[in-house]
Every structure is written in structure tokens, then in C-alpha cells.
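The values are calculated or read from the model by the stated rules, or taken from the named source; none is laboratory data. Small disclaimer: the values here were computed from a predicted structure and weren't measured. Glycine gets a Cβ as well: all are built from the backbone with ideal geometry, and neighbour counts include every protein chain shown. For accessibility, only protein heavy atoms count, side chains too; no ligands or nucleic acids. Shrake-Rupley method; radii C 1.70, N 1.55, O 1.52, S 1.80 Å.
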Amino acid sequence: MLGKMTKQMLTGNASIAWGVRLSDVDYIPAYPVTPQTEIIESLSKWIREGQMDAGFVTMDSEHSMITAAGAASATGVRVFTATSSQGLMYGFEMLYTVSGWRVPFVMANVSRGLSSPITLEPDHNDILAARDTGFLQIHCETCQEALDSILIAYRLAEDKSVLLPAIVNMDGFYLSFTREPVEIPNKEIVREFLPPYKPTHAFFRASQPMAQGVAVLGGHIYSYFKYQMHMANNNALSIYKEVSEEFKETFGRGYGTVEGYMLDDAEYVLIMSNSFSAMGKAAVKRAREKGLRIGLLRLRLLRPFPEEDIREALKGRKASAVIDQNISVGKGGILYSEIAGVLYNEKQRPLLLSFIGGLGGKNISDAEFDFIFDAMMNAYSTGNVPQPALLYTEAELEEMERLKRVAGKG
Amino acid sequence: MLKVRFHGRGGQGAKIASRVLGTAAFLEGYYAQDFPLYGAERRGAPIAAFTRISKEPILERGVISEPDVIVVMDETLLDDPLANPLSGLGKEGLVFINTTHKAEDIKKRYRIDANVLTLDITKISLDILGKPILSALAGGAASKIVRLKETSLKEAVTRELSDITHEKGLIEKNIEASIYCFNALPSVLIKSNASHKKSDVITMPFEAADISSPSVTIPANTPLKKTGNWRIFKPVWDYELCTKCMTCVMRCPDGCIRVNEEGFPYSDYENCKGCMICAEECPAKAIRKEREVHAW
Ligand code: SF4
Ligand code: SF4
């Protein structure tokens with residue numbers, strides 16, 4: 001039942017906005033920040049022109065915005081909001097607070113490197129800082145996926161065995177401002193897939209007061225609530241599979257918790273996330289043409305973390321390399337550590353290499369991908385795993401030298 | 001895959017031009033991707049936009065550093081080392097330049113090995129639209145160069161401009177201007193530039209914070225930049241009409257109007273950006289605008 005659908009050229013931001021429009025959202029608290037602002041601009045325009053029936057309020061900060069999103073969701077309505085980078089950091093305290101209220105609103109984060117130095121281009125230190133907050137996290141590679149993920153995120157977040165807020169993440173610039181063909185699903189069919197939100201746990205009204213997020217004194221009480229959240233978040237793994245299966249039947253597009261590309265017979269696996277995975281796929285394709293058995297594993301559902309699916313995907317491989325588009329300063333790649341944790345108790349596990357790449361939107365060239373492929377094969381044949389390394393080229397360092405001279409440091 | 005890069009100045013329409021081309025290709029059943037690059041954007045500053053067109057799904061993202069086709073919407077950008085519009089152009093590539101000059105002369109002056117096509121699309125836009133907004137025209141030129149169909153271009157211009165304006169007359173004029181450019185240019189067989197410049201992966205050396213902190217220690221580190229070559233129009237004063245009210249002096253956003261010994265205002269043309277705010281604000285209508293062509 002694919003129904004009537006139309007395809008058009010949309011940016012990532014417009015795709016997210018369309019996802020929200022189709023989801024019958026009731027309330028949108030907003031605060032602008034590059035490169036996300038287009039999302040809330042589109043939504044406010046549609047509301048003004050009567051194409052969307054929702055309340056839209058511009059707040060004084062992201063801190064207030066996330067509070068408002070949580071509070072509105074606690075009245076039982078469907079809520080959306082969006083932010084990026086510094087904005088997410090500014091609202092950070094409230095991420096933990098509202099997820100503890102168990103309110104299933106959806107927030108888009110458009111990834112952008114964190115200051116200092118300040119930049120507008122993407123990496124994932126912003127979104128990964130939020131990995132422990134209780135929010136579900138879906139990370140997107142394409143504009144179509146960004147639209148579809150909003151619909152999936154509401155279904156997942158509002159499921160009775162989950163009831164947690166969700167973040168849909170996409171890269172600034174590389175998706176947010178990039179247009180590509182996107183199919184806009186039919187609204188009636190979306191309504192069937194995503195029925196109205198009817199909570200039985202959080203629905204306060206003027207006539208029906210209830211206390212939310214109460215204070216607790218005593219670790220056993222606190223632990224109870226925290227661990228319940230953790231279990232609810234983990235429940236989202238199996239629910240995700242049901243929801244994405246239904247999504248595929250309804251709309252013809254399927255999204256696993258992870259995505260494999262040329263993976264079936266791969267001996268070496270590149271692990272990436274978000275929009276740069278497209279470049280990784282192109283590199284894998286080129287390597288295949290040379291006869292190398294390399295594949296790519298893209299991480300999509302980051303919270304809950306699909307440990308079993310990752311273990312399964314890496315089973316029997318010779319070596320695997322994680323490209324972290326983030327850096328835990330003083331430790332290294334965040335996802336590398338998480339993947340290593342998943343594999344530790346496996347008897348036969350692939351060697352695991354760690355690379356930091358694409359920080360602040362830095363391009364990852366063919367030469368850098370080839371460098372990783374060589375490093376994996378070399379590690380397997382010698383048994384020596386190289387130290388974690390930054391992907392950076394000679395030409396880029398030369399450019400840095402020039403800039404240092406301009407800044408009076410050369 | 002064909003990779004097209006547009007260079008223009010903020011406000012000229014490079015982003016929409018890249019979208020017109022992207023949509024035209026999409027309408028013909030190609031995979032298409034378009035993308036503008038702007039940061040702290042402002043009117044007149046150099047910007048770039050990109051369109052990728054392919055028969056297969058596109059597995060590339062971000063800036064195009066080795067384009068097959070370059071569209072330069074403002075000839076003065078060729079002299080701007082920061083915009084560097086010809087970078088990454090191979091011998092097989094093609095450059096379209098909006099200029100009053102002939103292709104052979106441009107090739108000689110800017111030492112371009114690749115193919116060059118020229119057309120004064122600013123004049124066409126002034127004649128048809130009455131203002132120098134080049135998006136539909138540059139999109140039309142690019143659509144012809146990469147061999148798309150006129151019907152796709154027409155539909156693409158309609159779609160892209162309907163997003164921005166509801167003025168039907170304006171959309172129709174843009175279609176007319178776009179088709180004019182389309183027909184004024186030959187279609188060219190372009191070989192996709194598949195070469196990739198390689199640079200080795202290195203190990204990042206450690207440097208102490210007096211070098212590696214993001215601070216600038218040298219004063220005056222930005223080269224002096226004259227903005228006079230951004231002009232499409234130049235303000236010209238008629239002292240017979242001028243009442244010396246000084247409104248223009250107050251209103252010039254770039255502070256480049258001075259007063260001569262007789263008390264009449266005049267502009268510093270090395271820096272005047274040609275925004276024409278002075279002419280609009282002058283109560284005596286003493287300032288007229290003249291088309292500026294880039295003379296060598
Ligand atoms: S056109 Fe007039 S207002 Fe604009 S920069 Fe030139 S002198 Fe100033
Ligand atoms: S605004 Fe017009 S009248 Fe007044 S000083 Fe300027 S040119 Fe003269």
C-alpha cells in the first residue's frame with residue numbers, strides 16, 4: 001500500500017520540516033541557531049499560512065525551549081523542537097530533566113562542531129555529548145532518511161514500553177543545506193502509521209493537576225527511576241525493529257538499527273555514521289573494483305545502542321576500523337570505545353582500529369580512505385594494531401602552516 | 001557524474017542557479033544534488049554553490065574541488081584570490097563567464113587552458129528583468145552546457161522561483177531570460193573529470209599552545225581589500241540638481257561619500273559597492289546610476 005507519493009528536491013532542513021508537518025505536531029517551541037534555523041522558519045511559515053495547525057512560540061534560549069518542549073509534552077500533546085551545537089549545549093541541563101519526565105517529544109539536532117575555535121561545519125561532539133541523557137538517538141545519512149526518521153522517532157518515543165524523548169540527528173551543511181530528491185509520504189497514510197498520541201502517564205490539564213519530575217531523597221528511589229529509564233530505552237531496540245518493519249511495509253523504505261553496505265562477504269569493515277558514510281560507501285565501492293573485500297557498517301540507532309546487531313555484523317571479519325567524527329579530548333574516538341566494549345567478550349573478534357576524521361566538516365579524501373584500508377589489511381597480516389590516529393593530509397598541514405604565518409606564528 | 005560549480009556574489013543568485021540546474025536534471029530523471037556554501041554571508045561577498053548530476057545514486061557530498069563545469073557569474077571574481085573560481089579546473093573542463101568580453105580574450109587574459117564560453121548575462125537580465133538578478137539566467141546557461149532540455153529548464157525555473165515569489169509576471173520574465181541564455185549558448189560534450197589529487201596522510205606534530213591556540217597575534221593581518229569592483233552600477237552626481245543636503249553622505253552604508261571643496265558630495269569609487277542607496281535616498285534625484293562594465 002504505497003499510496004500516492006511525490007518526490008521533489010528538498011534540503012535536509014526542509015525534509016525534517018516535512019516530517020514534522022506530516023506528524024500532526026501540536027506545539028513547537030523554537031530558538032534559532034545555524035544551521036538549523038531553516039527548519040523552524042519553514043514550520044512557522046506553514047503555520048502562518050494555515051498549512052499546519054500547531055502552536056509556535058519563539059523562546060528566549062534553548063534552555064527554556066527544551067523546558068517548554070518537555071512541559072508541553074507532559075500535557076499530552078505532540079511536540080517538536082530543533083537545535084544544533086552550542087544551542088544543544090546551552091539547553092543541556094534540561095535534556096536530563098525532561099527525559100526523566102518520560103515525555104516523548106522529538107527534537108532535531110543539526111550537528112555542528114563545538115566552539116572553540118568556532119565553526120559552522122559538522123562533527124558529532126554536540127550530539128554525542130547527549131548520549132547519556134535518556135534521549136533516543138537516530139542518526140541520518142540522507143535527506144530522505146531525515147524525513148522518514150521523524151515519523152519513526154515519534155512512533156518509537158510514544159510507544160508504551162518506551163516513553164522517552166528522541167533526537168533525530170543530521171549533519172549541518174552536508175545534509176541541512178543540501179538538496180536531493182526526497183519522497184514526501186502521503187499524509188493520510190502517515191496518519192495510519194502514526195496515530196494520535198494518547199498518554200496515560202503524563203497529561204496534566206488545568207482541571208487535572210499532577211506533579212511531574214518529583215524530588216526524591218534516597219538513592220534507592222533515585223536508582224529505581226534511573227534504571228527504569230535505562231530499561232525503557234533498551235526496550236526501544238525491539239520496538240524499533242517492529243516500527244521500521246511496519247514503516248517499510250507502508251512506505252517501501254527500510255532502515256535497520258545499523259546499515260550494511262557491501263558487507264556480506266567483507267573481510268574488512270569500515271564503521272561510520274551520518275552523512276559522511278556516503279563518502280565511505282564510495283571508497284568501499286572503489287576498493288571493491290580493485291578486488292578488495294571491504295564493506296561498510298553505518299551506525300544509525302545510537303541510543304539504544306544496538307550491541308547485538310553490531311556484534312552480528314562484525315562476526316568473522318578480519319579487521320574493522322571506526323572513523324569517529326568526534327573526539328573525546330584526552331581519550332579519542334567515542335564510538336571506537338563503544339564498539340570495543342561490544343566486542344570485548346567475543347571469542348573471535350576482528351582487530352579494531354581507530355581513526356578520527358571529518359572534525360569540523362574536514363573532507364575525508366580518497367587517499368585517507370585508502371590509508372585506512374591499507375592499515376586494516378596490514379594490521380591483520382602483522383597482528384599489530386596501529387595507534388589511534390587523526391586523518392589529516394600533508395596538503396592540509398601545509399595550508400595550516402600558511403595560516404599560522406598569517407596569524408603571526410610562523 | 002557531472003560536477004558543476006557556481007561562483008557569484010551574495011545577492012546575485014548563485015544558490016538559486018545551482019538549484020535551477022539541479023531541479024532541471026532531477027526532472028529529466030537524473031540523480032541530482034545541489035548545495036550552497038555560505039558562512040557569514042553578506043550581499044556582495046563571494047559565494048559558491050554546487051550541483052552534481054548523475055545516472056547513479058550520488059555517493060559524494062560537500063564542496064566540489066575538481067569541477068567539470070564552472071559558472072562564473074561575476075567576472076571580477078577571477079581577480080579575487082580568496083574566491084579563486086578557477087581552482088581545480090582540468091584541461092578538459094569548461095568555464096562559463098558572465099562578461100562583455102569574448103572567450104578568446106578571456107582565455108588569454110586569465111591564462112585559461114580549458115574551454116571558455118562567455119555571454120553578458122547581466123545585460124540580458126537588465127534588458128528583460130530590469131535588474132541584475134542572474135539566478136535563472138546562469139541556471140539556463142548551465143543547463144544548456146550540460147545538455148539538459150529546454151522544457152526541463154522551464155519547469156525548473158518555475159518551481160524554483162515559485163518558492164521565492166508569487167509574482168507571475170516576474171516568473172515569466174525569468175523563464176524568458178533563462179531560455180534566452182539557453183539558446184544563446186552551444187551545448188558541449190563534457191568529459192567528466194575523474195582525476196583526484198592525492199595528498200598523503202601524515203602524523204600531526206605536537207605544537208605548544210603559543211602556536212596551537214586559535215589566537216591571532218599579529219595586528220593588521222587582513223590584506224587591504226577594495227570593494228569597488230563589486231559594482232554593477234555606479235552612482236554619478238549631477239551638481240546642477242544637488243542641494244548639498246548631505247542625505248547621501250549620511251546614508252551610504254560604506255561611508256564612501258566625501259565632500260569636495262565646493263561642498264558637493266562625491267564617491268570613492270575604489271570602495272563604493274554600487275548599492276545605490278544614495279540614489280534612492282537623494283531627495284533632489286541628483287544621483288543617477290550607470291551600468292559598469294569590467295574594463296581591463
Ligand atoms: S552606491 Fe552610493 S550608497 Fe552605495 S556604496 Fe556607493 S556611494 Fe555609497
Ligand atoms: S542627497 Fe542628493 S541633494 Fe543631498 S547632498 Fe546628496 S546628492 Fe546632493
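Which order do A:251, A:204, B:233 take by accessible area at a 1.4 Å probe, largest first?
These residues rank, largest area first, as A:204, B:233, A:251.
Relative to the longest principal Cα axis of chain A, at what angle does helix A:219-251 sit, 0 to 90 degrees, rounded to 10?
Helix A:219-251 and the main axis of chain A meet at about 80 degrees.
How many nm is it between the label spots at residue A:160 and residue A:41, if each spot is 7 Å from the Cα in line with the beta carbon?
Taking the two extended label points, one gets 4.3 nm.
Whole angstrom only: what separates the Cα centroid of region A:285-317 from the Cα centroid of region A:170-217?
The two parts, judged by their Cα centres, are 30 Å apart.
When you look at the Cβ of every residue in A:164-173, what mean number of other chain Cβ atoms sits within 10 Å?
Other-chain Cβ atoms within 10 Å of each residue's Cβ, averaged: 1.
Out of all DSSP beta bridges with both ends in the protein assembly as shown, state the antiparallel percent to the nearest 5.
45 percent
May I ask for the angle, rounded to the nearest 10°, between helix B:168-184 and the longest principal axis of chain B, with both axes built from Cα atoms and the value confined to 0 to 90°?
Between helix and principal axis, roughly 60 degrees.
When you look at the Cβ of every residue in A:398-410, what mean number of other chain Cβ atoms sits within 10 Å?
The per-residue average across the peptide is 3.
Give the calculated FRET efficiency between residue B:260 and residue B:56 to the nearest 0.05, with a Förster radius of 41 Å applied to their Cβ-Cβ distance.
0.05
Taking the Cα atoms only, what angle lies between the long axis of helix A:143-158 and the longest principal axis of chain A, rounded to 10 degrees?
Helix A:143-158 sits roughly 50 degrees off the main axis of chain A.
Leaving out same-chain residues fewer than 8 places away, which aspartates and glutamates sit with a Cα under 16 Å from that of residue A:318?
The qualifying aspartates and glutamates are A:264, A:265, A:267, A:346, A:374.
Rank B:60, B:155, A:93 by accessible area, highest first, at a 1.4 Å probe radius?
So, going from the largest accessible area down, we get A:93, B:155, B:60.
Using the Cα gyration tensor of the protein assembly as shown, with a ≥ b ≥ c the square roots of its eigenvalues, what is the shape: rounded (a/c below 1.5), prolate (a/b larger than b/c) or oblate (neither)?
It comes out prolate by the Cα gyration axes.
Which of the peptides B:174-181, B:140-147 is most tightly packed, and how do the rest follow, judged by the mean count of other Cβ atoms within 10 Å per residue?
My ranking of the peptides, most packed first, is B:140-147, B:174-181.
Cα centroids of region A:66-135 and region B:247-295: how far apart, whole angstrom?
Between the Cα centre of region A:66-135 and that of region B:247-295, the gap is 48 Å.
Nearest 5 is fine: what % of DSSP beta bridges in region A:258-396 come out antiparallel, could you say?
Percentage antiparallel, nearest 5: 20.
How long is the gain from residue B:241 to residue B:216 if the chain were fully straight, where each residue apart is worth 0.36 nm and the alpha carbon distance is subtracted?
Gain on stretching residue B:241 to residue B:216: 4.1 nm.
Starting from the Cα-Cα distance between residue A:347 and residue A:241, subtract it from 0.36 nm times their residue separation and give me the gain in nm to one decimal.
35.4 nm
For residue B:113 and residue A:289, what does the FRET efficiency come to when R0 = 41 Å and r is the distance between their Cβ atoms, rounded to the nearest 0.05?
After rounding to 0.05, the efficiency reads 0.85.
For region B:1-97, what % of the accessible area comes from carbon and sulfur atoms, probe 1.4 Å?
Answer for region B:1-97: carbon and sulfur cover 52 percent of the accessible area.
Say R0 is 41 Å: what FRET efficiency, to the nearest 0.05, do residue A:7 and residue A:200 get from their beta-carbon distance?
Approximately 0.60, to the nearest 0.05.
Name the shape class, rounded, prolate or oblate, that the alpha-carbon gyration tensor gives for chain B, where a ≥ b ≥ c are the square roots of its eigenvalues, rounded holds for a/c under 1.5, and otherwise prolate holds if a/b is larger than b/c and oblate otherwise.
Cα axes put chain B in the oblate bin.
Give the average, rounded to an integer, of partner chain Cβ atoms located within 10 angstrom of each Cβ in B:55-66.
5
Under the 0.36 nm per residue contour assumption, what length would be gained going from the current alpha-carbon distance of residue A:187 and residue A:220 to full extension?
Residue separation times 0.36 nm, minus the Cα-Cα distance, leaves 7.3 nm.
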